[in-house]
Amino acid sequence: MASTVSDRPGYGQLLRTPGAWTFLLPGFAARQPFAMLTIGIVLLVQHTTGSYGSAGAVAAVSGVSMALFAPQSGRLADRFGQRAVLLPGVLVHAVSVGGLTALALADAPLWVLFLAAVPTGASIPQIGPMVRARWAARLGAAPGRPASPLMATAAAFESVTDEFTFVVGPVLATALCTGVHPAAGLIAEAALTLLGGILFAAQRSTQPAPRGATTADEPHRSALSVPGVRVLAITFLGIGAVFGGMQVSLTAFSEEIGRPGVNGLLYGIFAAGNMLAGIACGAIAWKSSPRRRLIVGCVALTLTASGLWAVHSVPLLAGLGLLVGLCIAPALISGYTLVEALVPASARTEAFTWLTGAVALGQAGAVTVAGQLADAHGASTGFVVPLAGTALALATLLALRSRLTPRAGGRTVARGIGHREPVTVD
């Protein structure tokens, strides 16, 4: 069901979408624990092993596992319904986190912690992509009617929500681990995931119809078979490298100048830029297409990231970091908006999880590479990673931008997936 929108869409109009609050509030609560997991693992494993390297490695295994398994979770949600996947998923996740916590406290060998981190990451509930799929279901195209202009506003709203989550979650987990018990952050993450996931799954009226119930005559194909999704996934992989590279490089820079406390300020400014740009993107009535905005956003991101390695003062790095953050949100929002035009409704949750997973995978790889470069050659070389990631994203877009345009008449065809929508993306 698509909602009726005004000529100038905005957040007020978006939040008046029928049924929106029934999934927004539980969705916000359910995705908070996601931002607590990595820092919770790092703080607990560092406490039990005394090594940040070991703690980071366990957290990285969890992140890579999430990136690899998340699309499969999204595909199952598209086929069988979000509730059918989410309920067993949050149970498995709670048990997996409990097992990892117990093993860490029991001083289990590192390789055992690696094994325990695999199901922990693989079972992370994909609440963000599920919320985005619900927005698409409420605002998407219907026969004889174009897709709602509120889709871009919804993508911006979700981007701001994600950023806010990654501000609140780590702070809460750190406070619990340092003020209560080193395992308290992970225990709280598991409990909140279980409770929030159950509440979100209970909102059955707004979940997209499972494709198994509505398109049984069509073959089940992965969203990755849509060429545009592959282009977006590579682009988001590069954007994820910005997050990971900035996290490590800012930390290394702060320690290198003897002011470790400034790290939180610098990263906070970077994150604030991303959040402010996301808010602004949702408030603008765009005339240009999402594809064009994505390309412009990646050009701007590459240009701003190209100067990071040469900056050696806190004020300049703070200012440039703010500009980098301001350029990230428009690119991410435009990419998520393109999914609605490129991907059949029966595969959108999976498509969103491919993009979310690509960001996580790019972030995990960048953390490792930037850390090695910073250790070997100094903090400034770690900033080469965000530049390389943005250059990868831009090169992919420029070379394959034609794949981000639906076929004439709004028909997207990819290996057996046929879907007709009255959507035009120039």
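Distance between the pseudo-spin-label points of residue 316 and residue 209 (7 Å out from Cα toward the beta carbon): 5.9 nm. Between 29, 155, 223, the residue with the greatest mean-square fluctuation in the GNM of the chain (Cα pairs under 10 Å linked by springs) is 29. Sorting 354, 21, 111, 135 by solvent-accessible area of protein heavy atoms yields 111, 21, 354, 135, largest first, with a 1.4 Å probe.
With the simple model of a label 7 Å out from the Cα in the direction of the Cβ, residue 292 to residue 106 spans 6.1 nm.
Using C-alpha pairs under 8 Å with a sequence gap of at least 6, the mean separation divided by the residue count of the chain gives a relative contact order of 25 percent. For the set 375, 107, 78, solvent exposure ranked by accessible area (probe 1.4 Å, protein chains only) runs largest to smallest as 375, 107, 78.
Note on residue 303 and residue 87: the model spin-label points, each 7 Å out from Cα along the C-beta direction, lie 5.2 nm apart. Given R0 = 22 Å, the distance between the Cβ atoms of residue 171 and residue 47 translates into a calculated FRET efficiency of 0.75.
For residue 39, the accessible area of its heavy atoms, probed at 1.4 Å with every protein chain present, is near 50 square angstrom. Taking all Cα-Cα distances within segment 231-326, those exceeding 24 Å account for 26%.
Taking the accessible area of the chain, probe 1.4 Å, and keeping the other protein chains in place, the carbon and sulfur fraction comes to 67%.
The alpha carbon convex hull volume per residue for segment 330-371 rounds to 59 Å³. Length, then width, then depth: along the principal axes, the Cα atoms of segment 272-353 run 50, 25, 20 Å. Go ahead and estimate [θ] at 222 nm for the chain from helices alone: -39,500 (n - 2.57) per DSSP H run with n ≥ 4, summed, over the residue count, rounded to 500. After summing the helix terms and dividing by the residues of the chain, the value is -25000 deg cm²/dmol.
Comparing 360, 102, 94 in a Gaussian network model of the chain where C-alpha atoms under 10 Å apart are linked, the largest mean-square fluctuation is found at 102.
Evaluated with a Cβ-only charge set (Lys, Arg +1; Asp, Glu -1), the chain carries a dipole of roughly 1520 debye about its Cα centre, given to the nearest 20. Axis angle, to the nearest 10 degrees, between helix 150-179 and the longest C-alpha principal axis of the chain: 20 degrees.
If you take the square roots of the eigenvalues of the alpha-carbon gyration tensor of the chain and sort them as a ≥ b ≥ c, do you get rounded (a/c under 1.5), prolate (a/b over b/c) or oblate? Judged from the Cα gyration tensor, the chain comes out oblate (a/c at least 1.5, b/c at or above a/b). Once the Cα atoms of helix 262-283 and of the chain are each reduced to a long axis, what angle between those two axes, in degrees from 0 to 90 to the nearest 10, is obtained? Taking Cα atoms only, the helix is inclined about 10 degrees. Between residue 263 and residue 16, how high is the FRET efficiency from 1/(1 + (r/R0)^6) when r is the Cβ-Cβ distance and R₀ = 30 Å? Nearest 0.05. The computed FRET efficiency comes out at 0.15. When you restrict to C-alpha pairs under 8 Å that are six or more residues apart and normalise by the size of segment 236-351, the relative contact order lands at 33 percent. For the Cα atoms of the chain, what angle does the longest principal axis make with the long axis of helix 127-139, in degrees from 0 to 90, nearest 10? For helix 127-139, the angle is close to 20 degrees.
The values are calculated or read from the model by the stated rules, or taken from the named source; none is laboratory data. Values in this document were obtained by computation on a predicted structure and should not be read as measured data. Neighbour counts are summed over all protein chains in view; Cβ atoms, including those assigned to glycine, are modelled from backbone coordinates with ideal geometry. Areas reflect the complete protein model, heavy atoms only, side chains present, ligands, DNA and RNA absent. Shrake-Rupley method; radii C 1.70, N 1.55, O 1.52, S 1.80 Å.
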